[in-house]
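Take a look at the structure set out below.
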Amino acid sequence: MSSNLHQAGVKLLKQLGRHAELVMDVYLSGSVSEDETNAAAIEKLRKSDILWRPEADQELRLKRSVRALLEEALSDERNRQIDSNVGSSLASIKTLAAHYKEARHNVDYAASEAYLADLSEHVYSFADGLRYSIRVLWSRINNEFGYVGTINAKIRENELAQKQVTELLNGLEMFQFSELGEIAGDIRELRKLLVTSLQDTLSDCTQELSVVQGRLLELLGRFRQIRGRTRLLKGWLLYTDLHPDYHPADHVSHKQLPALFNCAEALLAPAAVDVHSSLYEPELFEIVSNIKRIDRLNAGHVIAEQDVSVSLSQTEDFDIPDNPLKLAVDAYFCAVIDSGKSQSALEYLDEQALSWDRESWLYQVICGYEGLPEEHRQYFELEAIGESDPVYTGNFVIRDVELWLA
C-alpha cells in the first residue's frame, strides 16, 4: 500500500512540475478555458484531480488543496484561511492513541508502529497548523489588513480575525492534560506526544494569541477613530456643498467659544518646585523667611524681649534596656558555642523552660542569625526543619530550626 501511495505522489508532483506555468496561470486568474493549445495538458491535470469544474457550464478551477498548498508556499497575502476546528484534531489524536495502546497490548508491533507514526504526524501537524494560524494573524496585523482598500472592510476583517482568535482560544481550552495523561498512562512515547509536546505548544500559542488579541483590539480602535474623523470631514464637505455661501463666523470675538474650537492646549504646562533639589535652596530659604516676616507683621504687635536665663548642665546618662527575648536568643547562641554541638531551637526552649511563644521564639532566632555581622555569621549554620505546603506549591512550612557551628 505504501508503495502505491509513493508512486501516486511522485506522479502528482511530476504533473505539477511539468505543467507549472499553466497551474500558476490558473492560480492567478482563478480559472482557465479550454482551447486547442492546452487541451491535452488540461485533460491530464483534470484526470490527476488538480483541476475541477464546479458546474457543467463553468470553467475549470484549481482544487482547494492545491490552491492552499500554493498559498502557503508562496506566503500569498490573500491566504487568510485559519483552521479553528480544534475539536476534530483532538478527537483524532485520542482515537489514534487508543488504536496504538490496543495494538501494543496485543503485541502487534507492526500495527503499533504504524499507529504511533500516524499519531506523531497528527500531533506535529496540529502544532504546525496552530503556529501557522498565528503567523497568518500576525501578517494581517502587521500589514494592517492591506489586502482590502476601505476602512469599513478593514474593520470587518479585524472583527473576523478576533472571532477566529476567540474560536482558537475556546478550542484550546478543550485540551485537558489530566485526561491526556490518563490516556498516555506509563507509556513513554505517548506521554512525550500527548503531554510534554502538546503542553509546551499550547502554552506558547495561548500566550501569543493573547498578545494577538490585544493588538487586534488596539488596531480596531484606531480604525474606528479614522472612520469617525472621515465621516466628520465628509459631513463638513457635504454641508459646504449644500451651502456654498457659508462663511465661518469670527469665533474669537464671542464670549462663549464653541467646544469644537475651544480645544487648544494650555500654553504653560502645570509645574511644581522640586523641594528635593539642592539648586533651589537659596530661593526656598528666602520664601520661608518671607513667610515668617509676614506672620510677624500680621500679629499686630511686637513681642517684648524678655530675659531668659538658660542653664547648661550635663545631660544624664540613660540606657535602653535590651529586649528579654533577644537576650534569651543570645544565650541560646552562646550555649551552642559552649557545647560545640547542634541544638534545636524548640528543644532549647523546652529544656530551659522559657515562657516565650514558640512561633515568636523561632522568628527571633532566625532574625538573630540574620542580624549577625557577616564576619560572625560565617561561624554558624542555621537549617530550617519543616515540610512543603501540601496545598500551595513553592511554600515551605518551618516547624523548627537547628543551629550549629560551621
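Say we look at the range 114-124 and pick out the residues that are of a type outside the set (A, V, I, L, M, F, W, C) and over 24 Å from the mean Cα position of the chain (by Cα); which of these is farthest from GLY87 (Cα to Cα)? Explain how you work it out, then say what you get.
If we filter the range 114-124 for residues that are of a type outside the set (A, V, I, L, M, F, W, C), which is where we start, we get 115, 118, 120-122, 124.
When the remaining residues are screened for being over 24 Å from the mean Cα position of the chain (by Cα), the result is 115, 118, 120-122.
Details: TYR115: 20, ASP118: 18, SER120: 17, GLU121: 17, HIS122: 13 Å.
Top of the filtered list is TYR115.
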Of (1) at pLDDT below 90; (2) part of a helix (DSSP H, G or I); (3) open to solvent by less than 80 Å² (accessible area, probe 1.4 Å), TYR147 fails just (2)
Counting only residues that are surrounded by 14 or more Cβ atoms within 10 Å (Cβ to Cβ) and within 42 Å of the chain's Cα centre (by Cα), the range 369-380 contains a total of 1
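Does GLU159 fit the bill of being touching a residue at least 24 places away in the same chain (Cβ under 8 Å), in the same structural domain as CYS205 (by TED's automatic domain parsing) and not aliphatic (A, V, I, L, M)?
On the way: touching a residue at least 24 places away in the same chain (Cβ under 8 Å): yes; in the same structural domain as CYS205 (by TED's automatic domain parsing): yes; not aliphatic (A, V, I, L, M): yes.
In short, yes.
If we only count helices (runs of 4 or more DSSP H) wholly inside the range 167-278, which ones have 2 or more residues that are of a type in the set (Ser, Thr, Tyr) and closer than 30 Å to LYS154 by Cα? So that I can check it myself, show each step before the final result.
On the way: elements: 177-184, 188-191, 198-242.
Those helices (runs of 4 or more DSSP H) span 198-242.
Identify the residue in the range 388-406 that is outside any strand (DSSP E or B) and among the hydrophobic types (A, V, I, L, M, F, W, C) and, among all such residues, is most open to solvent (accessible area, probe 1.4 Å). Full working, then the answer.
In the first step, residues of the range 388-406 are kept if they are outside any strand (DSSP E or B); the result is 389-395, 406.
Subset that is among the hydrophobic types (A, V, I, L, M, F, W, C): 391, 406.
Details: VAL391: 106, ALA406: 84 Å².
The extreme case among them is VAL391.
Which is touching an Asp or Glu at 6+ places or on another chain (Cβ under 7 Å) and either over 30 Å from VAL195 (Cβ atoms) or at pLDDT 85 or above (or both), of SER48, SER75, SER84, SER31? Lay out the reasoning, then the answer.
Details: SER48 fails: touching an Asp or Glu at 6+ places or on another chain (Cβ under 7 Å); SER75 fails: touching an Asp or Glu at 6+ places or on another chain (Cβ under 7 Å); SER84 fails: either over 30 Å from VAL195 (Cβ atoms) or at pLDDT 85 or above (or both).
The conditions single out SER31.
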For GLU359, the lone unmet condition from (1) assigned to a helix (DSSP H, G or I); (2) over 42 Å from the mean Cα position of the chain (by Cα); (3) loosely packed, with under 11 Cβ neighbours inside 10 Å is (2)
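The values are calculated or read from the model by the stated rules, or taken from the named source; none is laboratory data. As the structure is a prediction and not an experimental result, all values here were calculated from the model. A quick note on method: Cβ atoms are made from the backbone with ideal geometry, for glycine too, and the neighbour counts reach across all protein chains shown. Accessible surface areas use protein heavy atoms only, side chains included; no ligands, DNA or RNA. Shrake-Rupley method; radii C 1.70, N 1.55, O 1.52, S 1.80 Å.
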